[in-house]
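Presented below is the structure to which this report refers.
The values are calculated or read from the model by the stated rules, or taken from the named source; none is laboratory data. No experiment lies behind these values; they were computed from the predicted model shown. Backbone-built Cβ (ideal geometry, glycine too); neighbour counts: all protein chains shown. Surface accessibility is based on the protein's heavy atoms, side chains included, excluding ligands, DNA and RNA. Shrake-Rupley method; radii C 1.70, N 1.55, O 1.52, S 1.80 Å.
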Amino acid sequence: MAVTSPSPAASATPQASPLVMRIIGAVALAHLINDLIQSVLPSIYPMLKANYGLTFTQVGLITLTFQITASLLQPWVGYYTDRHPNPLVLPVGSICTLIGILMLSTVGSFPMILLASALIGVGSSTFHPEASRIARLASGGRFGLAQSTFQVGGNTGSAFGPLLAAAIIIPFGQGHVAYFGLFALFSVGLLYAISRWYKSHLSLFKLKAGQAATHGLSRTRVTAALSVLAFLVFSKFFYMTSITSYFTFYLIERFDISVASSQLHLFLFLGAVAAGTFFGGPIGDKIGRKAVIWFSILGAAPFTLALPYADLFWTSVLSVIIGFILASAFSAIVVYAQELVPGNVGMIAGIFFGLMFGFGGIGAALLGHLADLHGIVYVYTLCSFLPLLGILAILLPRTRR
């Protein structure tokens, strides 16, 4: 399951470079800010729905717009920067996020909300491939640790976003979204500092040279493995988007709780996602990525199947367990895929982050439409079967020759 150690031919590659935790930590902090800002959008859905008379389908279209702009550009950004690395991509992308969040605080119509969402998505599409690459370059060969630390920054931001939205935006109105622009402004400066380190170290990292595959798998088997990983990402993020986009609506309708209380339950789920992400990468470094992927997707199934029938207390408990288990897979999936296709770190990161956003966006729109037709409880009953697709992990090949 575990990947073989680097061959002598790869001795000049990033594997031989030392672990630089300050850079990994800085990239994780930037990811925290990036995803904190993104999480403002679903956090204020109840307010936007009430203010503009939106349907669940329109709420889903907001998520779809953000996720599609984020997903479609990411693989191309990664592919291009694998071959033509440009350190300024990171701060420029953060400026797009800044513009989008400021627009979101002032817009007064549904089309303008979609445009603001698209700009935030563009910022995300430029951030993830490059930031993931920098985390890997600074990993000293501990790829799972670096990817998990990077990813947990984003999950932590996603967890705290709803809390800050509940404290800053919900009580005072849409205009207070502008305060999140301060986070975006700080992120521009932080990413500029990171880009300077990246630029000064580019000569030390031969991004393509010495990256020959050591797993001994044919191109056909590699393609098949990547397809299986894509299906697993589909099952994971279709289910995850049912929580991040509609969990507050589900709790309010099913248990008649307040918006603020529903946000606290969402925070518990997202906090569990952050914890699961952090532990998934280092565990994958020790026991192998395939084992983590197998457990993370399929292991959540008993709990997702029970969730639609639980009371409020057990709904909270089950959501925490589901978030922890499901989240442990993504870092392992990204690193496993990068080791299947060495030398294309940015492109692979872009593809899988793109799939994450793309499936999330399509899922939000589709599930919103189903909620309009059949009710939000029906959505959670239907989605509870998705983690059973984790059985496909049995088709993943061993990466040790």
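Given (1) open to solvent by 20 Å² or more (accessible area, probe 1.4 Å); (2) within 30 Å of Ala131 (Cβ to Cβ); (3) at pLDDT below 85, identify the lone condition not met by Arg401.
(2)
Of the conditions (1) part of a helix (DSSP H, G or I); (2) modelled with pLDDT under 85; (3) out of contact with any Phe, Trp or Tyr (no Cβ under 7 Å at 6 or more places or on another chain); (4) of a type outside the set (Ser, Thr, Tyr), His128 fails just one. Which one is it?
Condition not satisfied by His128: (3).
Just wondering, is there one or more residues in region 173-181 that are outside any helix (DSSP H, G or I), at pLDDT below 80 and more than 23 Å from Leu72 (Cβ to Cβ)? Walk me through it before giving the result.
From region 173-181, those outside any helix (DSSP H, G or I) are 173; that's our starting set.
Next cut, at pLDDT below 80 only: none.
Scanning region 173-181, I find no residue that is outside any helix (DSSP H, G or I), at pLDDT below 80 and more than 23 Å from Leu72 (Cβ to Cβ), so the answer is no.
Kindly indicate whether Val334 is touching an Asp or Glu at 6+ places or on another chain (Cβ under 9 Å) and either among the aliphatic types (A, V, I, L, M) or not in a helix (DSSP H, G or I) (or both).
Working: touching an Asp or Glu at 6+ places or on another chain (Cβ under 9 Å): no; either among the aliphatic types (A, V, I, L, M) or not in a helix (DSSP H, G or I) (or both): yes.
In short, no.
If we keep just the residues of region 78-91 that are out of contact with any Asp or Glu (no Cβ under 7 Å at 6 or more places or on another chain) and part of a helix (DSSP H, G or I), which is nearest to Gly358 (Cα to Cα)? Steps first, answer last, please.
The initial filter retains those residues of region 78-91 that are out of contact with any Asp or Glu (no Cβ under 7 Å at 6 or more places or on another chain), namely 78-80, 82-88, 91.
Filter again for part of a helix (DSSP H, G or I), leaving 78-80, 82-83, 91.
Working: Gly78: 16, Tyr79: 17, Tyr80: 20, Asp82: 22, Arg83: 24, Pro91: 23 Å.
Ranking the candidates gives Gly78 first.
Is it the case that Leu395 is in contact (Cβ under 8 Å) with a residue 40 or more places away in the chain, under 30 Å from Asp82 (Cα atoms) and open to solvent by 50 Å² or more (accessible area, probe 1.4 Å)?
yes
Quick check on this structure: which one of Gly100, Gly144, Gly121 is open to solvent by less than 10 Å² (accessible area, probe 1.4 Å), within 21 Å of the chain's Cα centre (by Cα), more than 21 Å from Gln263 (Cβ to Cβ) and without any contact (Cβ under 8 Å) to a residue 40 or more places away in the chain?
Result of the check over Gly100, Gly144, Gly121: Gly100.
Quick check, is Leu270 open to solvent by less than 50 Å² (accessible area, probe 1.4 Å), assigned to a helix (DSSP H, G or I) and either over 28 Å from Ile33 (Cβ atoms) or basic (Lys, Arg) (or both)? Can you show your working first?
Values: open to solvent by less than 50 Å² (accessible area, probe 1.4 Å): yes; assigned to a helix (DSSP H, G or I): yes; either over 28 Å from Ile33 (Cβ atoms) or basic (Lys, Arg) (or both): no.
Answer is no for this residue.
Just to verify a result, which residue in region 197-220, among those that are farther than 29 Å from Pro91 by Cα and loosely packed, with under 15 Cβ neighbours inside 10 Å, is modelled with the lowest pLDDT?
If we filter region 197-220 for residues that are farther than 29 Å from Pro91 by Cα, which is where we start, we get 210, 212-220.
Then keep just the ones that are loosely packed, with under 15 Cβ neighbours inside 10 Å; that gives 212, 216, 218-220.
On the way: Ala212: 53, Gly216: 67, Ser218: 83, Arg219: 85, Thr220: 89.
For region 197-220, the residue satisfying everything is Ala212.
How about region 292-324: which of its residues are within 21 Å of the chain's Cα centre (by Cα) and open to solvent by 40 Å² or more (accessible area, probe 1.4 Å)?
Result: Trp294, Phe295, Leu298, Val320, Ile321, Phe324.
When you scan region 185-196, how many residues do you find that are buried (at least 18 other Cβ atoms within 10 Å of the Cβ), over 17 Å from Leu98 (Cα atoms) and of a type in the set (A, V, I, L, M, F, W, C)?
Counting residues in region 185-196 that are buried (at least 18 other Cβ atoms within 10 Å of the Cβ), over 17 Å from Leu98 (Cα atoms) and of a type in the set (A, V, I, L, M, F, W, C) gives 1.
Considering each residue of region 92-124, count those that are in a helix (DSSP H, G or I) and over 14 Å from Ala30 (Cα atoms), and give that number. Steps first, answer last, please.
Restricting attention to region 92-124, the residues satisfying the condition of being in a helix (DSSP H, G or I) are 92-106, 110-124.
Restricting the remaining residues to those that are over 14 Å from Ala30 (Cα atoms) gives 96, 99-106, 110-122.
Total satisfying the criteria: 22.
Can you tell me which residues in region 156-172 are open to solvent by less than 40 Å² (accessible area, probe 1.4 Å) and outside any helix (DSSP H, G or I)?
Ile169 - this is the single residue of region 156-172 that is open to solvent by less than 40 Å² (accessible area, probe 1.4 Å) and outside any helix (DSSP H, G or I).
So which residues in region 243-252 are polar (S, T, N, Q) and at pLDDT 85 or above, if there are any at all?
Matches in region 243-252: Thr248 only.
Which residues, counting only those in region 348-385, are surrounded by fewer than 24 Cβ atoms within 10 Å (Cβ to Cβ) and closer than 14 Å to Ala230 by Cβ?
The answer is Leu355, Gly358, Phe359, Ile362.
For Gly343, which of the numbered conditions (1) at pLDDT 85 or above; (2) at positive phi fails to hold?
Looking at each condition in turn, Gly343 falls short on (1).
Keeping to region 287-305, report how many residues are in a helix (DSSP H, G or I) and touching a residue at least 60 places away in the same chain (Cβ under 8 Å).
So the count comes out to 12.
Of everything in region 29-55, what is in a helix (DSSP H, G or I), open to solvent by 10 Å² or more (accessible area, probe 1.4 Å) and more than 18 Å from Leu182 (Cα to Cα)? Give them in sequence order.
Pro42, Pro46, Met47, Lys49, Ala50, Asn51, Tyr52
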